[in-house]
Amino acid sequence: MARFFDLHSHMLCGVDDGATTPEEMYAMLEAAYEDGVRALCLTPHYSPYLFGETYEASKEAFALLQAYVAQKHPDMKLFLGHELGYHHSCLEALEDGRCRTLAGGRYLLVDFPEAVDFYEIQRAMEQLMGSGYLPVLAHTERYRCLAKHLDWVEDFVDRGGVVQVNASSVAGSWGRHAQKQWKKLFKLGLIHVISTDAHNLTSRSPKMSVCMDFLAKHCSAAGIRELTWDNACRIVNNERF
């Protein structure tokens, strides 16, 4: 069985729009483990206007999951971060620690509304990079504005930015535009990390394997390992690409 590192998930219970109970959180963990996930970064939303301040709630839920994993699956590695819903005053939350980076390093998972304007993404990345962070652009395939700005994505990557895509999008789960953009980013060599962005066990499940048929046809074994394990390890180890 393939071994996966899922860098983007909403499995922590009672924190955001992901798992609602400890039982659902444990069931999601079991589904991920059965699928081959052996390392997992828990990334609840940091969007105070939607979910309030989630620092303490995520810390408590993470402790519950750590205890469960220690008993059931000691070979599973867990890490903690946030998915920042970008807003203009977010640097204050980052500086005082209310919004977590990925595993405490310089990498930061950043999210935008699907219909975001391109210049909003551009300005945000300039601000975050200028402040010393290495942004991981969450589910890059979903931003329609980037279809006409793939040259900017190349420049973003050249400057140390990271492109993350969702495994299920290649199968069309977010529509034809996201599917097409996922494949275009792949063809251009602009994808670093494939994750699940799991929220539940049904419509947004923790399944990394849904992208494997596509990858097996278009990528070497070493390339698959980079996208589904090695690069995520570099991020939580705070290593540059």
Review point. Which residues, counting only those in segment 39-79, are touching a strand residue (DSSP E or B) at 6+ places or on another chain (Cβ under 9 Å), over 23 Å from residue 233 (Cα atoms) and not in a helix (DSSP H, G or I)?
Key: 47, 53, 54
Point to revise | Residues satisfying the stated conditions in segment 37-77, i.e. of a type in the set (A, V, I, L, M, F, W, C) and open to solvent by 30 Å² or more (accessible area, probe 1.4 Å) | key: 50, 51, 57, 63, 64, 67, 70
Exercise for review: Would you point out which residue out of 200, 231 is assigned to a loop (DSSP other than H, G, I, E, B) and either in contact with a Phe, Trp or Tyr (Cβ under 7 Å, 6 or more places away or on another chain) or not acidic (Asp, Glu) (or both)?
Suggested key: 200
Check your understanding: Conditions: (1) open to solvent by less than 10 Å² (accessible area, probe 1.4 Å); (2) within 21 Å of residue 39 (Cβ to Cβ). Residue 128 meets all but one. Number of the miss?
Key -> (2)
Point to revise | Selection count where residues are closer than 22 Å to residue 231 by Cβ and either in contact with an Asp or Glu (Cβ under 6 Å, 6 or more places away or on another chain) or part of a helix (DSSP H, G or I) (or both), scope segment 83-123 | key: 7
Exercise for review: Among the candidates 146, 150, 108, single out the residue that is farther than 20 Å from residue 174 by Cα and aliphatic (A, V, I, L, M).
Suggested key: 108
Revision key, fill the gap. Only one of 136, 157 is open to solvent by less than 50 Å² (accessible area, probe 1.4 Å) and in contact with a helix residue (DSSP H, G or I) (Cβ under 9 Å, 6 or more places away or on another chain), namely 136
Review point. Open to solvent by 70 Å² or more (accessible area, probe 1.4 Å) and of a type in the set (D, E, K, R), is that true of residue 240?
Key: yes
Review point. Taking the condition closer than 20 Å to residue 81 by Cα and either buried (at least 16 other Cβ atoms within 10 Å of the Cβ) or in contact with a Lys or Arg (Cβ under 8 Å, 6 or more places away or on another chain) (or both), does residue 195 pass?
Key: yes
**Study point:** Pairs where the first residue, in segment 115-127, is β-branched (Val, Ile, Thr) and the second is open to solvent by 60 Å² or more (accessible area, probe 1.4 Å), C-beta under 9 Å, 6+ apart
**Key:** 116/144
Revision key, fill the gap. Taking segment 160-174 and keeping residues open to solvent by 30 Å² or more (accessible area, probe 1.4 Å) and in a helix (DSSP H, G or I) leaves 168, 171
Study note, to complete from the structure: Those residues of segment 203-216 which are open to solvent by 20 Å² or more (accessible area, probe 1.4 Å), within 20 Å of residue 10 (Cα to Cα) and either modelled with pLDDT of 95 or more or in contact with a helix residue (DSSP H, G or I) (Cβ under 8 Å, 6 or more places away or on another chain) (or both) amount to 204, 205, 207, 209, 210
Exercise for review: Check segment 108-118 and report whether any residue there is crowded, with 24+ Cβ neighbours inside 10 Å, closer than 17 Å to residue 136 by Cβ and among the aromatic types (Phe, Trp, Tyr).
Suggested key: no
Point to revise | Restricting segment 69-107 to residues that are closer than 18 Å to residue 136 by Cα and among the acidic types (Asp, Glu), the residue that is farthest from the chain's Cα centre (by Cα) | key: 95
Study note, to complete from the structure: Only unsatisfied item for residue 179, checking (1) under 26 Å from residue 24 (Cβ atoms); (2) part of a helix (DSSP H, G or I); (3) among the polar types (S, T, N, Q); (4) open to solvent by 10 Å² or more (accessible area, probe 1.4 Å), is (1)
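The values are calculated or read from the model by the stated rules, or taken from the named source; none is laboratory data. In this text the structure is predicted, and so the values were computed from the model without any measurement. Don't worry about glycine lacking a Cβ; one is built from the backbone with ideal geometry, like all the others, and counts go over all protein chains shown. Side chains included, ligands, DNA and RNA excluded: accessible areas come from the protein's heavy atoms. Shrake-Rupley method; radii C 1.70, N 1.55, O 1.52, S 1.80 Å.
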